[in-house]
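Every number here is computed from the coordinates shown, using simple stated rules; none is lab data. Being a predicted model, the structure only gives us computed values, none of them experimental. Don't worry about glycine lacking a Cβ; one is built from the backbone with ideal geometry, like all the others, and counts go over all protein chains shown.
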Ligand code: ATP
Ligand code: MG
């Protein structure tokens, strides 16, 4: 059975794509079959995996809007167990085009149903907004991972994001769970970075992954070569951090799956609101 993970944060440039691509790659190298869905019109996940997006005739856009089956757009990558549902520029128009389609929030969920049996994991890389594309990702997802950059005002916007998660859970997708926050671009030499991690942990005590992703030039260089860190430079600090994150991901998954089974047995619905940080907006002001 597949589990769908959305990588979301309406803040731009916080490491959503880098985390989705590299976690997917390490899991695939550990023998999980993974489909990475690039749901961002910028197509960074597509380019990061070495796919020349301007040469593509089909992408996730055609699946959402023109009813092309997702199976018909999936591409292989250099990592055999990692497949890609690419994004092309027309996806930028999808937000507007989706608006007039009935049941527009469930489109991605429906389309992914056809392929879900073929993968252990489906990762959806979201654009930096809380528009219809991200809502589609959250409606399709079982779990959401929030990459958070270790920088000033990191918490800003997280309250709004948590509110959106709660709304989606309440109205569109009761399965949705917050799986964890990944602290990215961590610079151990900067006190600010350590303070940000502490502050985020205060608000999300059980959700922040222990693995901190270091700020590193190799991480930023890999997409330009169209390769995940796992093959581009497997011994780099960044690669090792993402390998460690993959390990932590698997351990957390096992734990949450067991907890969820126990909750279902008790017929109790978890709420994403229980992870809502108290007065997160105010906290960001004191950072
Ligand atoms: P967007 O919101 O535009 O989709 P994003 O949240 O997906 O952005 P990324 O594209 O993953 O963020 O990262 C933003 C930029 O920071 C990219 O140029 C990426 O290569 C770089 N970057 C990401 N993580 C690191 C890191 N750990 N060290 C150095 N650079 C990084
Ligand atoms: Mg991105």
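For the chain, relative contact order (Cα pairs under 8 Å, six or more residues apart, normalised by length) works out to 24 percent. In the frame of its principal axes, region 1-143 has Cα extents of 41, 31, 31 Å, reported largest first. With neighbour counts taken as other beta-carbon atoms within 10 Å, the residues 109, 188 rank, fewest first, as 188, 109. Ranked by the mean number of other Cβ atoms within 10 Å of their residues, highest first, the peptides 100-106, 47-53 come out as 47-53, 100-106. Each of 266, 120, 38 was scored by other Cβ atoms within 10 Å of its Cβ. Listed from fewest to most, they are 266, 120, 38.
Could you work out the Kirkwood radius for region 144-221, taking every pair of different alpha carbons, averaging 1/r and inverting it, reported in Å? It works out to 13.4 Å. Could you let me know the centre-to-centre spacing of region 212-237 and region 59-125, using Cα atoms, in angstrom? Computed from Cα coordinates, the inter-centre distance equals 26 Å. The DSSP beta bridges internal to the chain are antiparallel in roughly 5% of cases. Each Cα pair under 8 Å and six or more residues apart adds its sequence gap; the mean of these over the residue count of region 57-116 is a relative contact order of 39 percent. Computed from the C-beta positions of residue 251 and residue 167 and an R0 of 25 Å, the FRET efficiency is 0.25 to the nearest 0.05. Fewest neighbouring Cβ atoms within 10 Å first, the residues 54, 179, 26 line up as 54, 179, 26.
Convex hull volume per residue, computed on the Cα atoms of the chain, equals 121 Å³.
Dividing the summed -39500 (n - 2.57) terms of all DSSP H runs of n ≥ 4 by the residue count of the chain sets its mean residue ellipticity at 222 nm at -12500 deg cm²/dmol.
Counting every C-alpha pair in region 187-240, the share spaced more than 16 angstrom apart comes to 52%.
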